Amino acid sequence: MYQHILVPVDDSELAIITVGKAVSFARTLGARITFFHARSDFAATSDGAVIHALSPTEFVEQAAGNARAVLARAESEARLAGVPFESVGRTSDRPYEAILDIATEQGCDLIFMASHGRRGLKGLLLGSQTQKVLAHTTIPVLVSSVESNALTPDMDLALAVIKGEHRSMAAVMHGLKHVLLEARSAAGAADVRLLRSMVYYFRNFTEGLHHPKEDAYLFDKLAGRSHDADEVLATLRAQHHEEGAYIEAVDKAVNAYAGSPDGAHLDALIEAVDRYAGRLWEHMNLEEKFILPACQTHLTGPDWAAVAHAFEANGDPRFDADKAQGFDKLFLRLVTLAD
């Protein structure tokens with residue numbers, strides 16, 4: 001049976017769905033995954049040329065960063081499932097050719113792709129490359145249908161965005177733990193500015209944006225439709241309320257470490273991060289194991305439209321100011337620097 005699966009990814013909602021299916025399939029087989037992202041040639045764009053001339057450092061970050069962010073989300077899915085993986089990014093404006101080249105170079109015995117997709121404002125279209133891969137490959141291709149029993153397309157969109165945000169948070173947490181463990185193993189100082197940026201991300205994105213949207217849209221709508229999940233919802237709401245204390249503990253430990261980056265302060269910081277990470281994993285697992293399936297059962301079409309709009313576009317004015325902070329750009333920078 002297949003042992004090494006190539007999974008092409010882009011920055012679409014479709015990719016989040018496809019990666020979840022591919023990871024589940026690989027876990028069943030006991031296979032490993034190579035995630036692949038074909039990035040456009042940023043230097044060939046007008047923006048890329050200007051940035052390269054004015055700020056070479058920013059050019060390097062933008063040229064590689066989006067690919068790193070796309071792959072980081074996919075890696076989080078595999079990491080949470082315990083599936084071994086590696087990632088490859090390559091500049092190419094002919095993705096199907098790059099997919100075939102990487103599959104051969106990496107010795108993959110299966111390519112896992114989506115059946116179709118929809119073109120958004122950014123990123124490559126996974127589904128549009130599938131027919132080209134099928135027409136030219138000598139390696140087996142498993143075409144995963146993204147059709148579902150969703151009540152409306154808004155359900156798939158909302159679930160993909162929510163899970164995508166979960167994977168982003170998991171990727172930043174992994175980066176945070178990686179930076180600290182590197183400092184411990186190398187007996188050197190961790191980048192305090194990077195640590196503070198990661199704390200800012202969790203305080204302002206996770207606690208300030210993502211969780212309030214869950215409360216205001218997802219949880220409230222489920223509670224209004226069914227009482228089956230009331231106990232789990234109460235637990236999750238309590239965790240939202242308590243989360244600030246975990247983040248403040250990490251922030252306090254970062255400040256102590258910044259004042260005197262010795263081994264004792266590093267150990268205390270790692271302990272604070274581990275406590276917060278444990279709570280975050282527990283929280284996301286509860287949502288994905290119990291709440292999201294319950295929502296699929298009980299929410300209506302209009303419910304899903306409201307949830308999808310809130311999570312994708314921040315339609316509620318309460319969240320507009322937070323969106324303006326540019327969390328996507330911050331996430332991209334964090335996973336690039338922490339890699």
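The values are calculated or read from the model by the stated rules, or taken from the named source; none is laboratory data. Bear in mind that the values here come from a model prediction, so they are computed numbers and not experimental data. Heads up: the accessible areas ignore ligands, DNA and RNA and are worked out on the full protein's heavy atoms, side chains in. Shrake-Rupley method; radii C 1.70, N 1.55, O 1.52, S 1.80 Å.
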If DNA, RNA and ligands are ignored and the probe is 1.4 Å, what is the ranking of THR300, THR130 by accessible area, most exposed first? THR300, THR130
Any idea how far the Cα center of region 153-175 sits from the one of region 258-284, in Å? 23
Roughly how many Å² of LEU330 are accessible to a 1.4 Å probe, to the nearest 10? 40
Which order do SER92, SER260 take by accessible area at a 1.4 Å probe, largest first? SER260, SER92
If ligands, DNA and RNA are left out, what is the accessible area of THR235 with a 1.4 Å probe, given in Å² to the nearest 10? 60
Once phi for every residue in region 327-338 is put through the Karplus expression 6.51 cos²θ - 1.76 cosθ + 1.60 (θ = phi - 60°), the whole-Hz ³J(HN,Hα) values, with Gly and Pro written as x, are 5, 4, 5, 5, 4, 4, 5, 5, 6, 6, 5, 8
Amide H within-cut-off set for THR91, under 5 Å, with H built and near neighbours excluded: ARG39
Over region 177-273, what relative contact order in percent results from Cα pairs under 8 Å that are six or more residues apart? 38
Sequence of LYS213, LYS21 from largest to smallest accessible area, 1.4 Å probe: LYS21, LYS213
Long-range amide H partners of PHE85, meaning residues 5 or more apart or on another chain whose placed amide H is closer than 5 Å, are ILE33
